[in-house]
Amino acid sequence: MSNFTRGQKGKLADLGLGTTLTATLEIAAGALDVDVSCFGLDAKGQLSDDRYMVFFNQKAAPDQAVTLELGAGKAVFQIDLARLPASIDKLVFTAANDRGSMHGLGPSRLALGPDAAVFAFSGADFQDEKAIIIGELYRRDGSWRFGAVGQGFAGGLSALLKHFGGSEATAAPAPAPTATPAAPAPAAEAKKISLSKIRLEKRGDKVSLDKRDSQGYGRIRVNLNWNRNGAAPAAAKAETGGFMGKLFGKTAGAASGIDLDIGCLFEMSNGAKSAVQALGNTWGAYDRPPYIHLEADDRTGTNNDGENLYINGVHFDQIKRVLVYAFIYEGVPNWAATDGMVTIEIPGQPSVEVKLDSDSRHMMCAIAMLENQSGNLQVTKLVEYFGGQGKTTAHQLMDERYGFGLNWSAGRKD
């Protein structure tokens, strides 16, 4: 392992790395809401092709040359340098937040490969900057090299995007109807990056999302991700995984015996009600009612992507409401250590995040309610915890609280 200091550079070949590698950012963000990104720049240091900015709203570059997996306190970039076009000369890794100073960071690091090269940094290295240019991979004399930068940047992510020559998308109002013939379509504009995302901060907070076209909401992903290593420092944490901007992870679970699962209760517009969850092997279906499917349960704790529910938004008109929840199937309930996040991702919309931020040891958490409100998708933060009482299970108590009226019995995932 090579420990890099600020300003140090080295050839990837000398580090034992080829053109296929990982770059892992472990950020001890504390109370900061930090976004990590990778900018693919041309020879002039400009983001001449916005498709090569990889971040929370765009997790893959063309041809999968760079992809991003987000977890609690951790971001893993999978990189295939051979798939980058000749126009991309540099990959720059950054971290940014729009509120507090990066001076508040704890011990953090950027690692290439498992540990071929490590650049450690912390908030003590910065002042009032809201962003950091951490490191870069760049071409020089026909070979790829790594440079540890560690440079503070005054603005947040939007300012970084502007600095590298990218264009930020702004919301535009829908055009008013008109009876006059449509004018010829203007020449296509360069794609603009959307930095928008929505985090529901308090219980009861809501957001309503409009349909963008006749195909409804497309493929809706509800992702559960959490910190599998509890309160361990971010720089030393094992892998983490992700629900909706991406939600929980699952490595500490494998080590400590905790099995954390995502599921949902649903009610269709015709009155049909049931559950989709690994418990009882009720996986649902994506292409037929209930148009909700649970991805295969990961009991090994090795899936960095966490656990995912997929909702077929093309048929959202047939769904009345969906209550998304998580529960601890095995192990001692300890939600305070999970650092959990649910991320709802809808094509063409800002991602919606719900953080599990309550200190509870009950095994069940009702996370969010997705409702059909006159054709619009409304998301409400719940984050309400339930524990079994005598013969009444936590599932049943949650059901009674939200009025689904299902019949519950003990179940297993085996």
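Taking the range 1-19 as the range and being part of a strand (DSSP E or B), open to solvent by less than 70 Å² (accessible area, probe 1.4 Å), farther than 16 Å from G142 by Cβ and not hydroxyl-bearing (S, T, Y) as the test, only F4 passes. The C-beta contact set for the range 138-158 (first residue closer than 11 Å to G10 by Cβ and open to solvent by 40 Å² or more (accessible area, probe 1.4 Å), second residue part of a loop (DSSP other than H, G, I, E, B) and modelled with pLDDT of 90 or more, distance under 7 angstrom, 6+ apart or interchain) comprises R145/L12. Residues in the range 80-92 that are in contact with a strand residue (DSSP E or B) (Cβ under 6 Å, 6 or more places away or on another chain) and over 17 Å from T20 (Cβ atoms): 3 in all. Given the criteria more than 22 Å from Q8 (Cα to Cα) and outside any strand (DSSP E or B), does A124 qualify? So A124 fails the test.
Entry remark, the range 373-414: residues being at pLDDT 90 or above, part of a strand (DSSP E or B) and more than 28 Å from G313 (Cα to Cα) number 1 in total.
Just checking, does the range 82-95 include any residue being part of a loop (DSSP other than H, G, I, E, B), open to solvent by 30 Å² or more (accessible area, probe 1.4 Å) and hydrophobic (A, V, I, L, M, F, W, C)? Yes; the residues of the range 82-95 include at least one that is part of a loop (DSSP other than H, G, I, E, B), open to solvent by 30 Å² or more (accessible area, probe 1.4 Å) and hydrophobic (A, V, I, L, M, F, W, C). Here A28, A43 are screened, and the one residue that is under 26 Å from L70 (Cβ atoms) and open to solvent by 10 Å² or more (accessible area, probe 1.4 Å) is A28. Here D287 fulfils each of the conditions (1) modelled with pLDDT of 90 or more; (2) of a type in the set (D, E, K, R); (3) closer than 30 Å to E26 by Cβ apart from (3).
Within the range 370-385, count every residue that is open to solvent by less than 20 Å² (accessible area, probe 1.4 Å) and touching a Ser or Thr at 6+ places or on another chain (Cβ under 9 Å). Adding up the residues that qualify gives 4.
Among the residues of the range 360-382, those that are more than 11 Å from V324 (Cβ to Cβ) and touching a strand residue (DSSP E or B) at 6+ places or on another chain (Cβ under 7 Å) comprise S360, H362, M363, M364, E371, N372, Q373, N376, L377, Q378. Scanning the range 36-65 for residues that are closer than 13 Å to S87 by Cβ and small (G, A, S) returns G40, A43, G45, S48, A61, A65. Inside the range 75-90, residues that are more than 24 Å from the chain's Cα centre (by Cα) and under 28 Å from A29 (Cα atoms) make up a count of 1. The number of residues in the range 124-137 being buried (at least 21 other Cβ atoms within 10 Å of the Cβ) and either over 24 Å from D80 (Cα atoms) or of a type in the set (K, R) (or both) comes to 2.
Condition check for A326 on (1) within 24 Å of D35 (Cβ to Cβ); (2) surrounded by fewer than 23 Cβ atoms within 10 Å (Cβ to Cβ); (3) modelled with pLDDT of 85 or more: one failure, at (2).
The values are calculated or read from the model by the stated rules, or taken from the named source; none is laboratory data. Here the structure is a predicted model, which is why all the values come from computation and not from measurement. Virtual Cβ from ideal backbone geometry, glycine too; neighbours counted across all protein chains shown. Protein only, heavy atoms only, side chains kept; ligands, DNA and RNA dropped before computing areas. Shrake-Rupley method; radii C 1.70, N 1.55, O 1.52, S 1.80 Å.
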